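The values are calculated or read from the model by the stated rules, or taken from the named source; none is laboratory data. In this text the structure is predicted, and so the values were computed from the model without any measurement. Because the Cβ atoms are built from the backbone with ideal geometry, glycine has one as well, and the counts that use them run over all protein chains shown. For the accessible areas, the whole protein counts, side chains as well, though only heavy atoms, and no ligand, DNA or RNA atoms are used. Shrake-Rupley method; radii C 1.70, N 1.55, O 1.52, S 1.80 Å.
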Amino acid sequence: MALTIKQISEIVAYKNYEFSIYFSPKDFSESMNALKLLALGKVKRYKFEYSITDHLPSTKGFYVFTIEELGFPQIDFRYLLYIGKVEKTNTFKNRFYKYRNTIDDSSAAENVMLLTNLWPDNTYVYVFELSNDHEIVDVEKILIHKLKPNFNEEYFSSKTVTSTSLYKIANP
């Protein structure tokens, strides 16, 4: 069971949960150009819940947390929350034990506690399988910097992003 809104507000009383939407057509286009260059394996969607680790693959790549299925009639509404990566010898399955274990845990890092508890019925994860570690690191930097998800604690600098080989190829 996730922490209740009341429990969360007692922990982080100074926070409000009104998120602005950052959307730059140019940054979005540059992100999509970078994604087109990748040799992506499977892309799968999972409901974020305690049993998520039972279903995740033992592969690596990057992942995206979203809010979905909010009940708007005839509107397929999705909101980007967080982008992360799994590289080297780690796997999605192993990485997500940390997230799973923060459900109902008020001592977790604040951004992770909020990410995993605020919308227990509406949080989904998209897993993008990718085998090349350099591409995994590059695409995560580009997507975080260009799309600015609210729960990513830091954004990478423009210089860091534009120096990645993936960005240079996608944006000559």
Conditions (1) over 19 Å from the mean Cα position of the chain (by Cα); (2) over 21 Å from E87 (Cα atoms): number failed by T160: (2)
Subset of the stretch 74-92 (residues that are within 15 Å of the chain's Cα centre (by Cα), more than 19 Å from L147 (Cα to Cα) and among the charged types (D, E, K, R)): E87
Output for the stretch 77-99, where each listed residue is touching an Asp or Glu at 6+ places or on another chain (Cβ under 8 Å) and of a type in the set (D, E, K, R): R78, K85, E87, K88
Long-range neighbours under 7 Å by Cβ, at least six apart or interchain, first residue closer than 25 Å to Y22 by Cβ within the stretch 75-101, second in a loop (DSSP other than H, G, I, E, B) and of a type in the set (K, R): V86/K60
Near pairs, Cβ below 8 angstrom, 6+ apart or cross-chain, from the stretch 43-55 (part of a helix (DSSP H, G or I)) to any residue that is modelled with pLDDT of 95 or more and open to solvent by 70 Å² or more (accessible area, probe 1.4 Å): T53/Y97
L38 being part of a loop (DSSP other than H, G, I, E, B), of a type in the set (A, V, I, L, M), open to solvent by less than 60 Å² (accessible area, probe 1.4 Å) and out of contact with any Phe, Trp or Tyr (no Cβ under 7 Å at 6 or more places or on another chain): yes
Hits in the stretch 46-79 (condition: open to solvent by less than 100 Å² (accessible area, probe 1.4 Å) and of a type in the set (D, E, K, R)): K47, E49, K60, E68
Selection count where residues are open to solvent by less than 70 Å² (accessible area, probe 1.4 Å) and either out of contact with any Phe, Trp or Tyr (no Cβ under 6 Å at 6 or more places or on another chain) or not hydroxyl-bearing (S, T, Y) (or both), scope the stretch 80-98: 13
Selection from the stretch 99-134 of residues that are open to solvent by 60 Å² or more (accessible area, probe 1.4 Å) and among the polar types (S, T, N, Q): N101, S106, S107, S131, N132
The stretch 149-172 residues that are under 14 Å from L35 (Cβ atoms), paired with ones that are aliphatic (A, V, I, L, M) and open to solvent by 70 Å² or more (accessible area, probe 1.4 Å) (beta carbon under 9 Å, 6 or more apart): L166/L37; I169/L37; A170/L37
All positions within the stretch 135-155 that are open to solvent by 30 Å² or more (accessible area, probe 1.4 Å) and within 11 Å of the chain's Cα centre (by Cα): L147, K148, N150
